[in-house]
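Worksheet: one structure, shown below.
The values are calculated or read from the model by the stated rules, or taken from the named source; none is laboratory data. Fair warning: this is a prediction, and the values are worked out from it, not measured in the lab. We place every Cβ from the backbone using ideal geometry, glycine too, and count neighbours over all the protein chains shown. All accessible areas refer to the heavy atoms of the entire protein, side chains included, with ligands and DNA or RNA removed. Shrake-Rupley method; radii C 1.70, N 1.55, O 1.52, S 1.80 Å.
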Amino acid sequence: MDTIRFDGAICRDISAAVSREWLETNGLGGYASSTIIGLNTRRYHGLLVATHPPLAARFVLLARVEETLHTGEAAIELSTNRYPGVIYPQGFRYLKSFHLDPFPTFTYDVDGIELVKTVFMIHGENTTVVQYDIKHHDGAATQGLTLDVRPLIAFRDYHSTTHENSGLNTAVSRDAGVATVAPYAGLPPLHLAHNAVDVQQTGYWYRHSEFDAERERGLDCVEDQFNPLALRFEIAPGSPAVIVASTERRDVLDVPDLRRREATRRTQTVVSSAIDAPFLSRLSRASDAYIIRRGDRQTVIAGYHWFGDWGRDTMIALPGLTLVTGRYDVARSVLQAFARHVDQGMLPNRFPDAGEGPEYNTVDAALWMFEAVRAYVHYSGDFEFVRTELYPVLADIVAWHVRGTRYGIGADADGLLAAGVAGVQLTWMDARAGDRAVTPRHGKPVEIQALWYNALRVMEGFARRLGDIGEARRYDAMARAARAAFNRVFWNATSQCLFDVVNGDARDASIRPNQIFAISLPHSMLTRRRAADVVGAVRTHLLTPFGLRTLARHEPDYCGRYSGGPPERDAAYHQGTVWPWLLGPFISAYVRVQRPKAAARAQARAWLAPLADHLANAGLGHISEIFEGDMPHKPCGCIAQAWSVAEILRAVVEDTRAREPVAHLTVATGA
């Protein structure tokens, strides 16, 4: 398994270093994360960001640690923080390297003494281990070294910041090898297991830490953090200093075994997927971060640092995260969980962090479920699961869409699917700038028709397999009607591609990527000629090295930069911003219509190369949520996005190898 590594030149370059962020996850939605120099630039950064059952809310418990290495002659500050007008301390100047193999590892060089710091989380627990090892280097003396570590706590929701207050409980409970703090009622205590030789209660506020990334986003960017205690370690080669920060009581004696088990688990995650190429291995390893357990069910977290589990994102990401990696049991669990929450033919758009009921305000999440189920059967061969548990749910979804459900969602007389009411964003282009819907797309959005047709064909196939010929014929008739209407009203002869939305007599001719799904999904309503024309238009107007733009550059509403406060960023979110997940369906569509196949696959691999390089930027080992539409396509949004990783992983496995794609294109013969 290859290593992501940066030398001292990168680590000592502040701007280069803070643009690279590491991420550790725990399978519960919790995580640890910062930059490669340990300088927290986001309110979401922290060494222990824990989930708090029974809710799915996340809290920054341990924000960071201050570290001082005492050599006998000097006290060397190793941490790095930003305060108003200054970076202090400047421990990054001692960083010799940072690497990820598989854990975040920082190597400091202090006058010939090499100190290696490793951070990792334990799967299934709100537990982060921080370990410091001394290595003899350049003949330097390593006797008599001590390391002081001062934990700084925040104990607040990860969307907010905290400030000095008198309501914090400053008490520190000390047992043998464990120090415990419980600053606020209603939040779990933080246990710090350690092998320190001395523990001192302190009680200091570190005021006015600044988060540069939040300032750039127009959000609250200043925080005060509390230091309840200081730990002093005697450290020498073979005698590491260890801290286990957890919501459970842990023992540092367990750390060697915990480390071995966690390293083995991650290796097995990659090996079990039968993926061996470096790019695929990294994506496979990254996929594990998004699969989490929420109570008694498994789900997919949409992105780090700030997304929860979303129905649309889950269904789109499911094939890449779980099927191409061979994790069929996870796919089955996720499908079961979401099937239980189908209501009036709709899948939840999201499950809020605060534990409220699911939100049903998306037109496409339920339709993506049909494709996820089809892919599950194709990969696993487990049709019995579909027959007994999912087919009735899917049939009910179709029935609700025929007779009509929430938000005006329902089949029109022409067999196409209409949706939309004022003030509600139902498609994946759901941004709002204040009270304004940036891309309303009311009526008949193009990708909804593609998904609807695909769903009908999937149900026709399932019904035939079940021997229900009457239902199969009904689904076939519905699909034929939808196909005829689609080709009649959606073809834009002027641009030789598809309209984005049809609403009565109105036709939105904006060139957007949504039309690519009319080719990328297994069942297409287009002839091969029209499919090729659509792929050509998307390639010409929307393709970038990192994904597809959400709007062509020549359109009047195009926004090439994603910057400013929330209103400005929301206005640009789907108006030219590049989404890497869209490169997956584009590559699928391209390979399916292009001849010869070998050349098409080679071109697809070339298009994916920039994203392979991107894994060593932004969120290390992951793919960002979005990029700016204009050069040089700066990565923005979440540093690690589930469907970005999943769709690229799926496309690489299904569409770039020397064989036909897993999901063969079914094209229309008419129109």
How tilted is helix 528-542 with respect to the longest principal axis of the chain? Cα atoms for both, answer in degrees (0 to 90, nearest 10). 40
Quick one: length gained pulling Ala598 to Ala16 fully straight, 0.36 nm per residue minus the C-alpha distance? 205.7 nm
Net length gained if the chain between Tyr184 and Asp505 were fully extended (0.36 nm per residue, minus Cα distance): 109.6 nm
At 1.4 Å probe size, with the rest of the protein present, what percent of the exposed accessible area of the range 13-162 is carbon and sulfur atoms? 51
The range 379-524 - charge dipole about Cα centre, Lys and Arg +1 at Cβ, Asp and Glu -1, debye rounded to 20: 280
Tell me, what HN-Hα J-couplings in whole Hz come from the Karplus equation 6.51 cos²θ - 1.76 cosθ + 1.60 at θ = phi - 60° for each residue of the range 180-193, using x for Gly and Pro? 10, 10, 9, x, 9, 5, x, 10, x, x, 9, 9, 10, 6
I need the calculated FRET efficiency for the pair Asp257 and Arg297, taking r as the beta carbon distance and R₀ as 25 Å, to the nearest 0.05. 0.30
Scoring only Lys, Arg, Asp and Glu (+1, +1, -1, -1) among other residues with Cβ under 9 Å from the Cβ of Glu164 yields 0
Taking square-rooted eigenvalues a ≥ b ≥ c of the alpha carbon gyration tensor, is the range 310-380 rounded, prolate or oblate, where a/c under 1.5 means rounded and, failing that, a/b exceeding b/c means prolate? prolate
Residues of the chain: accessible area per residue at 1.4 Å, in Å²? 35
Expressed as a whole percentage, what fraction of the accessible surface of the range 248-342 belongs to carbon and sulfur atoms when a 1.4 Å probe is rolled over the protein heavy atoms? 50
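Quick check on the range 498-643: take the gyration tensor over C-alpha atoms, sort the square-rooted eigenvalues as a ≥ b ≥ c, and tell me if it's rounded (a/c under 1.5), prolate or oblate.
It comes out oblate by the Cα gyration axes.
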Counting helices only, and only those DSSP H runs with n ≥ 4, report the 222 nm mean residue ellipticity of the chain as the sum of -39,500 (n - 2.57) divided by its residues, in deg cm²/dmol to the nearest 500. -9000 deg cm²/dmol
Can you give me the % of accessible surface on the range 512-592 that is carbon or sulfur? Probe 1.4 Å, all protein chains present, nothing else counted. 49
Please name which of Phe385, Asn617, Ala337 has its Cα lying farthest along the dipole of the chain towards the positive end, using unit charges on Cβ (Lys, Arg +1; Asp, Glu -1) and the Cα centre as origin. Phe385
Rounded if a/c is under 1.5, else prolate if a/b beats b/c, else oblate: with a ≥ b ≥ c from the C-alpha gyration tensor eigenvalues square-rooted, which is the range 1-84? prolate
Place a point 7 Å from the Cα of Arg174 along the Cα-to-Cβ direction; which residues of the range 230-252 have their backbone N under 16 Å from it? 230-234
Please give the net charge around Ile291, taking every other residue with its beta carbon less than 14 angstrom from that of Ile291, where Lys and Arg add +1 and Asp and Glu add -1. +4
Calculate, for Arg561 and Trp205, the FRET efficiency according to 1/(1 + (r/R0)^6) with r their C-beta to C-beta distance and R0 30 Å; round to the nearest 0.05. 0.20
Label point distance in nm, Arg605-Ser495, each placed 7 Å from Cα along Cα→Cβ: 3.4
Long-range amide H contacts for Thr362: which residues qualify at under 5 Å (H placed 1.01 Å from N, peptide plane, sequence gap of 5 or more or a different chain)? Asn349
Residues with beta-carbon under 11 Å from that of Arg512, excluding Arg512: net charge, scoring Lys, Arg +1 and Asp, Glu -1? -3
Accessible area (Å², 1.4 Å probe, nearest 10) - Ser15: 80
Estimated dipole of the chain in Debye, rounded to 20 [Cβ of Lys and Arg +1, of Asp and Glu -1, Cα centre]: 2340
Using a 10 Å cut-off on Cβ atoms, rank the peptides 581-590, 598-607 from the highest mean neighbour count down. 581-590, 598-607
